[in-house]
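The block underneath contains the structure these notes are about, expressed in structure tokens.
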Amino acid sequence: MTNDDETVFIVDDEEPVRRSLKYLLESVKLRVEAFESAESLLKKLTPTAHGCIVLDVRMPGIGGPELMDHLNQVGLTIPIIFLSAHGDVPLAVRAMRGGAIDFLQKPPNSQVFLECVRRALASDRQARRDRAETAVVTERLSALTDREREVLERLVAGQGNKAIARDLDVSYKTVEAHRARVMRKMQVSNYPALVHLILNARRGVGAK
């Protein structure tokens, strides 16, 4: 997975803040785009944008928490680091509950800020990997018949072939045949790999 267009989006209505943070991030070879308002960011941000957002809490127009709520509602999952000159605890709590990576007071310590940004970028990369893997598993699952899905669910639940045969009122050999087709269609070579694949995909869906 390429990170060529991975971007740190800075949103702050104070031009000196935007300029200093942009300079700091570019000094460590990160791609940066800076915006004076949430509205200007929304005009630029695409559903496929990735990286992270460094977001001021209090701005004219749409504030930071409101922007975060909007992005959550439209399903644009990109890590957010909040900046505040106010040290507003209720806002910090709301930000973290909304999924913010961190909440820093202005002006942030340069090293702490860079570490936060790197964590946010790493989190975004992992989330994108998880979504890509989930999409692959979903495509493979679509190739299964209804009966094969029934067998798969019981395999993931830890049932053996004999128990599955009893549950579905079919022969042991029939279950073996379904199991072999499930393994082939899911492109795994053994039972532990099958369980790992399905459970990881379900965790990825739950994390969205």
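Pairs please, first residue from region 92-121 and within 12 Å of V54 (Cα to Cα), second anywhere and modelled with pLDDT under 90 and basic (K, R), Cβ atoms under 6 Å, 6+ apart in sequence or on different chains.
From residues that are within 12 Å of V54 (Cα to Cα), there are no pairs.
Does any residue of region 46-57 turn out to be in contact with a Pro (Cβ under 6 Å, 6 or more places away or on another chain), in the same structural domain as E115 (by TED's automatic domain parsing) and of a type outside the set (K, R)? Working first, answer last.
Restricting attention to region 46-57, the residues satisfying the condition of being in contact with a Pro (Cβ under 6 Å, 6 or more places away or on another chain) are 52.
Filter again for in the same structural domain as E115 (by TED's automatic domain parsing), leaving 52.
Narrowing further to those that are of a type outside the set (K, R): 52.
Yes, region 46-57 has at least one match.
Restricting attention to region 72-84, which residues are part of a helix (DSSP H, G or I) and touching a residue at least 12 places away in the same chain (Cβ under 8 Å)? Break it down into steps so the answer makes sense when it comes.
Step one: filter region 72-84 for residues part of a helix (DSSP H, G or I), giving 72-73.
Correct list: N72 only.
Provide a single number: the residues in region 70-89 that are out of contact with any helix residue (DSSP H, G or I) (no Cβ under 8 Å at 6 or more places or on another chain) and loosely packed, with under 15 Cβ neighbours inside 10 Å.
Kept after step one, since they are out of contact with any helix residue (DSSP H, G or I) (no Cβ under 8 Å at 6 or more places or on another chain), are these residues of region 70-89: 71-76, 85-89.
Subsequent filtering for residues that are loosely packed, with under 15 Cβ neighbours inside 10 Å retains 72-75, 85-87, 89.
Number of matching residues: 8.
Consider region 108-149. How many of its residues are more than 21 Å from T7 (Cβ to Cβ) and part of a loop (DSSP other than H, G, I, E, B)?
5
Collect the residues in region 93-107 that are buried (at least 20 other Cβ atoms within 10 Å of the Cβ) and either part of a helix (DSSP H, G or I) or not assigned by TED's automatic domain parsing to the domain that holds E14 (or both), keeping them in residue-number order.
Within region 93-107, just A95 meets the criteria.
Of the residues that make up region 47-54, is at least one exposed (fewer than 15 other Cβ atoms within 10 Å of the Cβ), of a type in the set (S, T, N, Q) and out of contact with any Cys (no Cβ under 6 Å at 6 or more places or on another chain)? Give the steps one after another, and end with the answer.
So the first thing to find is which residues in region 47-54 are exposed (fewer than 15 other Cβ atoms within 10 Å of the Cβ), and the list is 47-48.
Filter once more, keeping what is of a type in the set (S, T, N, Q): 48.
Next, only the ones that are out of contact with any Cys (no Cβ under 6 Å at 6 or more places or on another chain) stay: 48.
Scanning region 47-54 turns up at least one residue that is exposed (fewer than 15 other Cβ atoms within 10 Å of the Cβ), of a type in the set (S, T, N, Q) and out of contact with any Cys (no Cβ under 6 Å at 6 or more places or on another chain).
Hey, can you tell me all the residues within region 5-48 that are of a type in the set (F, W, Y) and touching a Ser or Thr at 6+ places or on another chain (Cβ under 9 Å)? Even if it seems obvious, please write down each step before you answer.
Taking region 5-48 as the starting set, the residues that turn out to be of a type in the set (F, W, Y) are 9, 23, 35.
Within region 5-48, no residue meets the criteria.
From the residues in region 118-158 that are polar (S, T, N, Q) and in contact with a Lys or Arg (Cβ under 9 Å, 6 or more places away or on another chain), which one is modelled with the lowest pLDDT?
Restricting to residues being polar (S, T, N, Q) and in contact with a Lys or Arg (Cβ under 9 Å, 6 or more places away or on another chain), the top hit is T134.
What single numbered condition from (1) modelled with pLDDT under 90; (2) basic (K, R); (3) surrounded by fewer than 16 Cβ atoms within 10 Å (Cβ to Cβ); (4) part of a helix (DSSP H, G or I) fails to hold for R58?
For R58, the exception is condition (4).
The values are calculated or read from the model by the stated rules, or taken from the named source; none is laboratory data. As the structure is a computational prediction, the values presented were derived from the model and not from experiment. Every residue, glycine among them, receives a Cβ derived from its backbone with ideal geometry; neighbour counts consider all protein chains shown.
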